[in-house]
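Nothing in this text is a laboratory measurement; each read-out follows from the coordinates by a stated rule. Keep in mind it's a predicted model, so treat the numbers as computed, not measured. Cβ atoms come from the backbone with ideal geometry, glycine included; neighbour counts cover every protein chain shown.
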Amino acid sequence: MPSRLLAVAGRRALILGAVAIAATAAGAALKFSGAGDITVFVVTAIALASLASVVGEATDQLGTRMGPGATGVVQSALGNLPELFISIFALKAGLVVVVQTALIGSILANSLLVLGIAFVVGGIKHGTQTFGTSSVRMTAMLLMLSVASLAIPTLASAPGAPDFGHATFISVVTSIVLLIVFAGSIPLSIKGTIGPSHEKQVEAALESGEPRWTLAASIIVLALAGVAAALVSDWFVASLTPAMARLRLSEEFVGLVIVAIAGNAVENVVGITAAARNQSDLAVSLILNSSLQIALLLVPVLMLLSLALGGPVLTLVVPMLFITAVALAAVLSALIVFDGESTYVEGMALIGLYIIIAASVWYGRPVGG
């Protein structure tokens, strides 16, 4: 199998793979040898970036065969592995606030920051970009459902409300509903819409003369890189936490911004790279599918899993600030993508809203405080 993978991979892919393996191995050695937190942080950050590049290369190859919808679903699922592992470890440690804010932060980071950067990079380089709208509209609609999944349990379990004192019950019911809806959305997400940017991507791949990977090779590389990214992300966040404590940053800021961005490093790089290559269908599919999978799959799965772990329960009851932030993010991103076109100014608007939300949690209870 290794020889067959080498035979179908291009020189650039082999170089990226070698760098990713070396950086990941170095990060593991430093982590388990008790090296300083700053050193581990720098090396694991390099490892994450290189792994993201490998995933991007495999995603490009997969995108020429499966279309943007199916590619977005597969890559987003693998890209969210770091978030899943980080959240499980944090729940076992009783860090419910960090997990809750990290999940919300991941939705905000993808829907606002990453999508905004992709639009800015693609818009400056290629002008107005276009993409298919059918699957994008469905994703935007389902993101609005994620807003309701946070707002209703929070309001229903507030003092004086019908479900006061039963936050776990309403959270379980909501989680089951979200999982059913997510399962129903998979066929349409995979079908997707073949837009003009995907047609250009396939034509470019065929005319470039570069080696095309087999479907099996692309999937294997994506799976291996996704698992490696999950491990490296855990080391990255573990080395970052002591530094955040010394800087007296709040738990909300660490979860909403630091952990969220670190846990989604793979799809962040891949989505922005796709936009820079004028593959806007693939970029939008990757980024919005990641937000959707976090909201409709990762959040309910972790909520139900927290019941089995025996520690504090991860309910869907969150501060109103976070509900408002997710609602504004869903509305703004929906307004921008509904016409099937994006410009760098729209990207700047998304980034601007993300910065305002991040600033709103700068002050708070410090980590370890």
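Tabulated data
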{"quantity": "Residue 324 versus residue 348: modelled label distance in nm, points set 7 Å from Cα along the beta carbon direction", "calculated": "2.6"}
{"quantity": "Pairwise label distance in nanometres, residue 186 with residue 331, each label 7 Å out on the Cα-Cβ vector", "calculated": "3.3"}
{"quantity": "Segment residue 161-residue 89, length gained on full extension (0.36 nm per residue, minus Cα span)", "calculated": "22.6 nm"}
{"quantity": "Sites residue 339 and residue 33 - FRET efficiency at Förster radius 35 Å, r taken between beta-carbons, to 0.05", "calculated": "0.10"}
{"quantity": "Cα-projected label distance for residue 137 with residue 245, points at 7 Å along beta-carbon direction, nm", "calculated": "5.1"}
